[in-house]
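Structure record follows, encoded as structure tokens.
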Amino acid sequence: MPRRRTSTLAPVALMSLLAAGAARAQEPAVIAVRAGRLVDVDKGEVRRDQVILIRGDRITAVQPGSARLPAGARVIDLSRATVVPGLIDCHSHLVGEAEAPDVLAPLERTETQEAMSGVRNARATLMAGFTTVRDVGTYRAFVDVGLRDAIDDGTVIGPRMKVAGAYVTVSGGGGEVTGAAPDVVVPPAFRFGVANTADEVRTRVRAILNGGADFIKVIATGAVLTAGTKPGASEYTEEQLRAAVEQANEYGTFVAAHAHGAEGIKRAVRAGVRSIEHGSLIDDEGIALMKQHGTWLVADIWNGDYIDSVGRAQHWSAEIMRKNTETTDAQRVGFRKAVAAGVRIAYGTDSGVYPHGLNAMQLPYMVKYGLTPMQALQSATIWAAQLMQWEDRLGSIAPGKYADIIAVDGDALADLHSFMKVGFVMKGGVVYKGP
Ligand SMILES: [Zn+2]
């Protein structure tokens with residue numbers, strides 16, 4: 001076998017590798033988390049007085065509070081709190097600034113500035129109790145990939161991420177930076193996923209996944225916050241959407257479809273996407289199709305209120321404010337019907353439209369529009385993990401899963417607003433907030 005040429009740095013690198021190996025060989029200390037109330041999202045029940053045992057980054061056991069603790073266990077006392085699996089936001093945009101959308105804002109920042117905004121936003125998200133996100137797109141391609149990797153290797157503090165890499169969108173569609181004069185050329189880094197035929201869709205999907213994305217985000221209809229596009233209007237044919245799904249499936253992954261309009265939703269569902277994002281103008285036929293296909297609905301049902309109040313105060317464009325009004329109430333009506341019909345629901349907020357860290361604001365809305373408090377928490381934990389295909393490693397507090405655990409004072413299920421004050425955050429056995 002060919003051997004890499006030895007450089008002068010090799011001995012140093014080798015020594016640090018050996019040191020890391022030695023550290024790993026030692027048994028990690030056991031942490032015992034005492035939980036006054038433990039939310040078991042697998043069973044949909046709250047159990048009193050439990051102890052969670054953690055070794056390294058994993059949960060090893062969940063036992064009654066009266067059971068003997070292993071010798072030398074470090075005890076974290078959350079006996080007055082409700083202990084919950086780390087929350088999951090399935091519709092975040094960690095890269096970029098939350099700001100008035102009717103400008104060419106993404107073009108006003110360097111790639112480094114975009115990345116640094118992601119560093120700040122990732123930290124805010126984790127500290128708010130969201131230990132995992134499915135990040136559904138960035139205008140400048142692949143900044144999310146870099147952020148995910150920096151979090152994974154410990155360079156940056158933030159949630160576990162699955163990322164979309166770039167938007168697959170038609171020219172001038174909901175995933176483009178729009179608003180420039182027609183003779184102004186938007187740089188290629190912002191147009192990485194632009195595709196206008198089924199063949200182009202396949203090519204862009206491959207390029208995005210080869211570039212390090214975990215899944216594909218297609219923009220199936222116009223968008224509320226993208227000037228000149230119509231949320232109700234379809235932007236891809238069913239055949240084009242199917243090309244994205246088939247190509248993503250070849251890579252062993254899935255497609256999330258941004259879709260507001262009723263027709264665009266149905267095309268995406270028939271094409272086999274894994275989730276519908278927003279789903280604002282869904283009709284009864286679309287709901288039945290989603291139920292039939294097992295498609296997940298990720299509806300940002302709080303966000304419309306945020307856009308309405310802040311957009312008014314900051315004088316966002318009349319076009320965006322009108323489109324927000326046209327989609328917000330309709331989305332909530334559709335969401336309620338989808339819940340009643342038994343459509344699979346996962347929690348997603350469109351963080352990045354609003355400042356990061358407020359992700360839990362939507363939890364009480366999930367109850368207001370049809371879920372029980374337990375189901376609202378399930379949508380943001382185990383159901384979200386299922387959507388992300390990560391239910392084998394996270395989404396509930398169970399042996400073998402990552403020790404991603406948060407806590408809220410008192411009886412948190414009595415009022416989900418309490419999740420705006422998460423007092424304890426552990427990710428992978430490391431405490432980031434609290435005792
Ligand atoms: Zn979004």
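The values are calculated or read from the model by the stated rules, or taken from the named source; none is laboratory data. Predicted model only: the values in this text are computed from it and were never measured. Using ideal geometry, Cβ is built from the backbone for each residue, glycine included, and neighbour counts are taken over all protein chains shown.
Can you find, within the range 258-293, the residue that is nearest to Ile345 (Cα to Cα) among those that are free of Cβ contacts under 8 Å to residues at least 40 places away in the same chain and under 17 Å from the mean Cα position of the chain (by Cα)?
It comes out as Ile276.
What are the residue pairs meeting all of these: first residue in the range 99-112, first residue within 23 Å of Val145 (Cβ to Cβ) and among the basic types (Lys, Arg), second residue assigned to a loop (DSSP other than H, G, I, E, B) and modelled with pLDDT of 85 or more, Cβ atoms under 9 Å, and 6 or more apart or on different chains?
Arg109/Gly96; Arg109/Glu97; Arg109/Arg140
Which of the residues that make up the range 305-355 are touching a Phe, Trp or Tyr at 6+ places or on another chain (Cβ under 8 Å) and of a type in the set (Lys, Arg)?
Of everything in the range 305-355, those that are touching a Phe, Trp or Tyr at 6+ places or on another chain (Cβ under 8 Å) and of a type in the set (Lys, Arg) turn out to be Arg332, Arg336, Arg344.
Looking for something crowded, with 24+ Cβ neighbours inside 10 Å and either in contact with a Leu (Cβ under 8 Å, 6 or more places away or on another chain) or free of Cβ contacts under 8 Å to residues at least 40 places away in the same chain (or both) - is there at least one such residue anywhere in the range 168-176?
No - not one qualifying residue is present in the range 168-176.
Go through the range 346-365 and give me each residue that's surrounded by 24 or more Cβ atoms within 10 Å (Cβ to Cβ) and more than 16 Å from the ligand (Cβ to nearest atom).
Ala360, Leu363
Sort out which residues of the range 80-106 are surrounded by fewer than 16 Cβ atoms within 10 Å (Cβ to Cβ) and touching a strand residue (DSSP E or B) at 6+ places or on another chain (Cβ under 8 Å), and write them in order of number.
Across the range 80-106, the qualifying residue is only Arg80.
Do the conditions hold for Arg48, that is, is it buried (at least 16 other Cβ atoms within 10 Å of the Cβ) and not acidic (Asp, Glu)?
no
Checking Ala122 against (1) at pLDDT 95 or above; (2) over 16 Å from the mean Cα position of the chain (by Cα); (3) away from the ligand (no atom under 16 Å from the Cβ); (4) on the phi < 0 side of the Ramachandran plot, which single condition isn't satisfied?
With respect to (1) at pLDDT 95 or above; (2) over 16 Å from the mean Cα position of the chain (by Cα); (3) away from the ligand (no atom under 16 Å from the Cβ); (4) on the phi < 0 side of the Ramachandran plot, Ala122 is out only on (2).
Would you mind stating whether Thr60 is surrounded by 22 or more Cβ atoms within 10 Å (Cβ to Cβ), more than 30 Å from Trp316 (Cα to Cα) and of a type in the set (Ser, Thr, Tyr)?
So Thr60 fails the test.
Being of a type in the set (Gly, Ala, Ser), surrounded by 22 or more Cβ atoms within 10 Å (Cβ to Cβ), away from the ligand (no atom under 16 Å from the Cβ) and not in a helix (DSSP H, G or I) narrows it down to one residue among Gly158, Gly154; which is it?
Among Gly158, Gly154, only Gly158 is of a type in the set (Gly, Ala, Ser), surrounded by 22 or more Cβ atoms within 10 Å (Cβ to Cβ), away from the ligand (no atom under 16 Å from the Cβ) and not in a helix (DSSP H, G or I).
Against the conditions (1) in contact with an Asp or Glu (Cβ under 9 Å, 6 or more places away or on another chain); (2) surrounded by fewer than 17 Cβ atoms within 10 Å (Cβ to Cβ); (3) not charged (D, E, K, R), where does Met426 fall short? Just the number, please.
Against the list (1) in contact with an Asp or Glu (Cβ under 9 Å, 6 or more places away or on another chain); (2) surrounded by fewer than 17 Cβ atoms within 10 Å (Cβ to Cβ); (3) not charged (D, E, K, R), Met426 comes up short only on (2).
Give the residue, chosen from Asp149, Asp144, that is more than 16 Å from the ligand (Cβ to nearest atom) and either among the hydrophobic types (A, V, I, L, M, F, W, C) or not in a strand (DSSP E or B) (or both).
Asp149
Need at least 2 residues that are within 16 Å of Val39 (Cβ to Cβ) per element, so show me which strands (runs of 3 or more DSSP E) inside the range 373-435 make the cut, counting only ones lying wholly within it.
Where strands (runs of 3 or more DSSP E) fall fully within the range 373-435 and carry at least 2 residues being within 16 Å of Val39 (Cβ to Cβ), they are 405-409, 424-427.
Check the range 384-401 and report whether any residue there is farther than 21 Å from Gly428 by Cβ, at pLDDT 95 or above, more than 16 Å from the ligand (Cβ to nearest atom) and crowded, with 20+ Cβ neighbours inside 10 Å.
no
Return the pair list, or none, for Cβ contacts closer than 6 Å from residues in the range 137-160 that are at positive phi to residues that are within 16 Å of the ligand (Cβ to nearest atom), at least 6 apart or on different chains.
As it stands, the answer is Gly137/Ala164; Gly137/Tyr167; Gly137/Lys217; Phe142/Gly165, since those pairs meet every condition given.
I'm told Val136 meets every condition in (1) touching a Leu at 6+ places or on another chain (Cβ under 9 Å); (2) β-branched (Val, Ile, Thr); (3) within 14 Å of the ligand (Cβ to nearest atom) except one. Can you identify the failing condition by its number?
Going through the list (1) touching a Leu at 6+ places or on another chain (Cβ under 9 Å); (2) β-branched (Val, Ile, Thr); (3) within 14 Å of the ligand (Cβ to nearest atom), Val136 breaks only (1).
Looking at Gly264, Gly279, Gly311, Gly286, which is the one that is closer than 26 Å to Met388 by Cβ and out of contact with any strand residue (DSSP E or B) (no Cβ under 7 Å at 6 or more places or on another chain)?
Gly286
When both residues are 6+ apart or on different chains and their Cβ atoms are under 7 Å apart, which pairs have a first residue that lies in the range 65-80 and is on the phi < 0 side of the Ramachandran plot, and a second that is acidic (Asp, Glu) and surrounded by 15 or more Cβ atoms within 10 Å (Cβ to Cβ)?
Going by the 7 Å Cβ cut-off, the qualifying pairs are Arg80/Asp409.
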